[in-house]
Amino acid sequence: MRRSTPILVLTFSFLFTSVASYSQNKTGELEAVKELAKANHCAGYYVYKQKGYRVNQQLADKIVRHQYNADFELTGSYESPTIDYTINLDFIGTPVFSADLQLGNSVYEVYIDKKRVWVVAPDFVAKKDSIVFKLGRGDHEPDERRLAVIPHKDGLRIITFSNKRDKLFLYNWRGEGLIDTTVFSLPESPMTPEEIKKYSKDVKVKYRPALQDLVVTKANSNTVLAYPGTNYLYYDDDKIWLLLQTYLGTGIHVLTLDIKSGAVTTSNFFINDLFKNFHAKADNYRTPYALIWKNHLIIRNSSYYFFQYLFYDLATNKLVKEYTATADESFMKLVNSDLNQKGTWLAGGDEKKLNNEKAYLRKLSSGDGFICLSGETIDSITITNGSVKDIKGLAGSMVAIGTAFIGAALNLTIGNIQIIPYLQTFQKKMVYFHTTFSRGSFDISPSASTTTMLDKLLENFERKDLKSKSSFFITTDSKNIMAVFNADTGKFELYTLDE
């Protein structure tokens, strides 16, 4: 079920990027229902208050729910017959399980499709499910478009956009049937008169096309990887940042929503010349990708022959650090890992480390790009850059495999629920690398051996296990667990990716 070779790993729930050598450990087994096959969809998550686990197994017309303690001993189970919502990612037009939501001692599950958001409360005492919240597209504004579904410590937020009213609506469900609504009015112009005079109004962001298929990520939080895309929504408990690419890749427009005050502020970071990008062929076209970390905007700006990191302090909008590698310079000065290329689980092959950095830059910039914060210690942060090559689907960034998961997960941050289905969507190949920076000064680490959870997943598990719809990934407060269903034994084998 796994590869036995030792690997370089990341420990403690994405919080540390490590260069030491570890191997994964099989730490337990869970009994599956007798009817389960590898083609059945399953999902699991950690329950923080109870220090236990829940595993959902989807059969034809029912969800079988199991509950375990910290020692993986079964403490409760029941069957929920339903066709109204599902674990099955292949169902179209049915809300699909997308995240757990834990509020105090209550544990909920979020089910979404392109039109609806439902919150379900599993009850292991009464042995039944209850739908405790529903929100449909158009329930409040007839033309609203859902941008993101955001689980947070006090509830569930859903943000939508109304183009007719030029407003953003933030619905906050706080449990017990309570819902608050905050309305944010978009600015009349995304540029100041001074910016229009300096750069021309042609470069301004257009909200209607930009506010769709956003890459949604929790700010200041590590993740395995990000969805490909060039427009982003980052969030924490107090703010939401919309990072939108300006016209012809000239820069990044930052729209900041203050949740408590309802205030909206904007900033523009123009980094590429409009006319050069307009006249550039594909290989010289520079594309910016961005993330938020500790009130800093971090931009990757790249083409076939160019790579750049830019660090801005959002309190002042000032550039605080810059790294650039041009066509006649070594790109490796900005890299702390191997130049990785991985064949994917729907294609296979092409798994290798690349040595020709110029050829690698071409591969990196010819695919659908992504950027994410993939590791953090008290001294450093690690950023993973990559691209997915030759895939089709929503926004040109996801493979069209006919699953409800695609439309649903684009509105959610990648978490412990979504990572395995996300890996299954790749059609051809992925290239990626890591860069480690010191906190504060953003100096590049001298290490050349940075690895993250992404490396660990790709190196440790065979394609058939990552490709299996019954496999799932669990993050606890101290470890990461990969669950792989063994059809021969009828059990889930649990592997802790730990020291």
When (1) touching a Ser or Thr at 6+ places or on another chain (Cβ under 9 Å); (2) farther than 19 Å from residue 167 by Cβ; (3) crowded, with 22+ Cβ neighbours inside 10 Å are applied to residue 246, the one that fails is (1)
Can you work out which of the residues in the stretch 477-499 that are modelled with pLDDT under 85, touching a strand residue (DSSP E or B) at 6+ places or on another chain (Cβ under 8 Å) and surrounded by fewer than 19 Cβ atoms within 10 Å (Cβ to Cβ) is farthest from residue 89 (Cα to Cα)?
499
For the stretch 101-122, what are the residues that are at pLDDT below 90 and of a type in the set (Asp, Glu)?
113
Inside the stretch 361-398, the number of residues satisfying the requirement of being modelled with pLDDT of 85 or more, of a type in the set (Ser, Thr, Tyr) and either farther than 19 Å from residue 459 by Cβ or surrounded by fewer than 22 Cβ atoms within 10 Å (Cβ to Cβ) (or both) is 5
Mind checking which residues of the stretch 469-483 are aliphatic (A, V, I, L, M) and either within 16 Å of the chain's Cα centre (by Cα) or under 18 Å from residue 71 (Cβ atoms) (or both)?
474, 481, 483
If we keep only residues of the stretch 266-293 that are without any contact (Cβ under 8 Å) to a residue 60 or more places away in the chain and within 25 Å of the chain's Cα centre (by Cα), then the residue farthest from residue 310 (Cα to Cα) is 267
Enumerated strands (runs of 3 or more DSSP E) restricted to the stretch 47-101, each holding at least 1 residues that are under 19 Å from residue 134 (Cβ atoms) and of a type in the set (A, V, I, L, M, F, W, C)
62-68
With respect to residue 272, is the statement that it is part of a loop (DSSP other than H, G, I, E, B), within 19 Å of residue 369 (Cα to Cα), at pLDDT 95 or above and of a type outside the set (Ser, Thr, Tyr) true?
yes
For the stretch 131-168, which residues satisfy the criterion of being more than 20 Å from residue 216 (Cβ to Cβ), assigned to a loop (DSSP other than H, G, I, E, B) and free of Cβ contacts under 8 Å to residues at least 24 places away in the same chain?
138, 139, 142, 143, 164
Among the listed residues 260, 239, identify the single one that is farther than 25 Å from residue 377 by Cα and among the basic types (Lys, Arg).
260
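Yes or no, residue by residue, for (1) buried (at least 21 other Cβ atoms within 10 Å of the Cβ); (2) under 24 Å from residue 440 (Cα atoms); (3) modelled with pLDDT of 95 or more:
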position	(1), (2), (3)
254	yes, yes, yes
257	yes, no, yes
267	no, yes, yes
288	yes, yes, yes
296	no, yes, yes
305	no, no, no
320	no, yes, yes
Among the numbered conditions (1) touching a strand residue (DSSP E or B) at 6+ places or on another chain (Cβ under 9 Å); (2) farther than 30 Å from residue 167 by Cβ; (3) surrounded by 14 or more Cβ atoms within 10 Å (Cβ to Cβ), tell me where residue 91 comes up short.
(1)
Given the conditions (1) more than 24 Å from the chain's Cα centre (by Cα); (2) crowded, with 18+ Cβ neighbours inside 10 Å; (3) of a type outside the set (D, E, K, R), every one holds for residue 196 apart from (2)
Hey, which of the strands (runs of 3 or more DSSP E) in the stretch 169-266, taking only ones fully inside, have at least 2 residues that are of a type in the set (A, V, I, L, M, F, W, C) and under 21 Å from residue 150 (Cα atoms)?
179-185, 215-218, 239-245, 251-258
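The values are calculated or read from the model by the stated rules, or taken from the named source; none is laboratory data. Treat the numbers as computed from the prediction; the structure is a model and nothing was measured. Heads up, the Cβs are rebuilt from the backbone with ideal geometry, glycines too, and the neighbour counts pull from every protein chain shown.
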